[in-house]
Amino acid sequence: MTPGSVLAEFVAAFGHEPAGVWAAPGRVNLIGEHTDYNDGFVLPLALPLRTLVAARVSGGPSTVASVQEDGETVRFDAATVVPADVPGWAGYVAGVVWAFREAGLPVVDLELLVDGNVPVGAGLSSSAALECAVAVALAELAALTPDRTELARLARRAENDFVGAPTGGMDQMVSLYGEAGGLVFLDTRTDEIEHIPFDLAGQGLELLVIDTRAPHALVDGQYGARRADCARAAELLGVPALRDATLDGVDSLTDERLRRRARHVVTENARVLDVVGMLKAGEDPREIGPLLTASHASLRDDFEVTVPHLDVAADVAVAAGAHGARMTGGGFGGCVIALCDADRSGAVAEAVTEAYAARGWDSPAAFPAVPSAGAHRLA
């Protein structure tokens, strides 16, 4: 997948060249899981895996196609489209157009072709990559100049209110603000960001992403149930969000389930701040490994969003020499990250593959996570 190949696919689909090609990356979250919708802290990085869109203004209606969907074509009117009009993958495209319009911004109908290599269902934010690629393309083609935080909010609204996935705002922010060689430290209450240098190669390290091939779906009830638990716990504690809670307060909750959910959020926020502090102080990144492993244990035991594929991958990675490992993403499937010495990452991936084979599971896929640039125009 290259800008040239996407341009050629656009010409094949529409009979003429696009006005441009835009790209937005998927993401992996180093630490800070299920904290974003609790006004907390997250520390993700943008991946080199990305979604590309080739687009141009059309006379209407909007016509969108996807290489991954065998060229399936979906049409909608930018001026009138509303939630439920466009199901499936194209809803993420239509949702961005709708969110622009709902915000009072002028919209245009588009001819748009999608291609990408962010695995769908792996917890690497393929949906946010698509939304943000469409958002930067639409803004330019409609001659708009919203800042990247506003674009992220519009893309998040597309996912939350048009598609119906109750996610937080981390994915869109990192897809737009990603930076080569750095992490995006985000305060989700204020949307303030800080880029944290993360030169693993220079330290002889690698952040290995292990795609368990156990897919997840965030529009099912499990993710929404966790959000509801967190909101109820905050209400009982009398705080605006669990970001404001303390462990002493959490221990006072009489509902065991809510107490465990809240404890994860409070301790996870603390882990994020600890990791940021260590990296900013120039400490050896290996030292953050135990915090990654502690995050996984909290997600497994208190937040209950892991599945056996995730637990096995994390446990085996550490046993095989990783400095730390944890599930990343919303959970219930998806990926594990493992912080490894670069000369051990192959052995770690092999150990996980062997553990899966012994259980009769499909082989996982593994690749290094390299901090990469956020959404931008390619051509």
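Structural remarks
- Pair list, Cβ under 6 Å, 6 or more apart: segment 184-200 residue without any contact (Cβ under 8 Å) to a residue 60 or more places away in the chain, other residue surrounded by 21 or more Cβ atoms within 10 Å (Cβ to Cβ) and hydroxyl-bearing (S, T, Y): I193/Y177
- One residue from R189, R156 being at pLDDT 95 or above and part of a loop (DSSP other than H, G, I, E, B): R189
- Note on segment 139-156: among residues that are free of Cβ contacts under 8 Å to residues at least 60 places away in the same chain and among the charged types (D, E, K, R), the one that is most open to solvent (accessible area, probe 1.4 Å) is R153.
- Among the candidates V209, V275, the residue that is over 23 Å from V120 (Cα atoms), surrounded by 22 or more Cβ atoms within 10 Å (Cβ to Cβ) and touching a residue at least 40 places away in the same chain (Cβ under 8 Å) is uniquely V275.
- Test for R226: is it of a type outside the set (A, V, I, L, M), without any contact (Cβ under 8 Å) to a residue 60 or more places away in the chain and more than 30 Å from G321 (Cβ to Cβ): no
- Count - residues of segment 51-63 that are open to solvent by 30 Å² or more (accessible area, probe 1.4 Å) and touching a helix residue (DSSP H, G or I) at 6+ places or on another chain (Cβ under 6 Å): 1
- Residue that is most open to solvent (accessible area, probe 1.4 Å) [pool: residues in segment 325-378 that are β-branched (V, I, T) and under 16 Å from the mean Cα position of the chain (by Cα)]: V370
- Qualifying residue in segment 33-43 (condition: surrounded by 19 or more Cβ atoms within 10 Å (Cβ to Cβ), more than 24 Å from V184 (Cβ to Cβ), touching a Pro at 6+ places or on another chain (Cβ under 8 Å) and aromatic (F, W, Y)): no
- From the list E283, E256, the lone residue that is among the charged types (D, E, K, R), open to solvent by 30 Å² or more (accessible area, probe 1.4 Å) and within 30 Å of A214 (Cβ to Cβ) is E256.
- Candidates L105, L124, L130 - the one that is closer than 21 Å to G169 by Cα, in a loop (DSSP other than H, G, I, E, B) and modelled with pLDDT of 95 or more: L105
- Residue match in segment 93-110 (condition: without any contact (Cβ under 8 Å) to a residue 24 or more places away in the chain, open to solvent by 30 Å² or more (accessible area, probe 1.4 Å) and of a type outside the set (A, V, I, L, M)): yes
The values are calculated or read from the model by the stated rules, or taken from the named source; none is laboratory data. As the structure is a prediction and not an experimental result, all values here were calculated from the model. As a convention, Cβ positions derive from the backbone with ideal geometry for all residues, glycine included, and neighbour counts pool all protein chains shown. When the accessible area is computed, the model is the full protein with side chains, heavy atoms only, and any ligands, DNA or RNA have been set aside. Shrake-Rupley method; radii C 1.70, N 1.55, O 1.52, S 1.80 Å.
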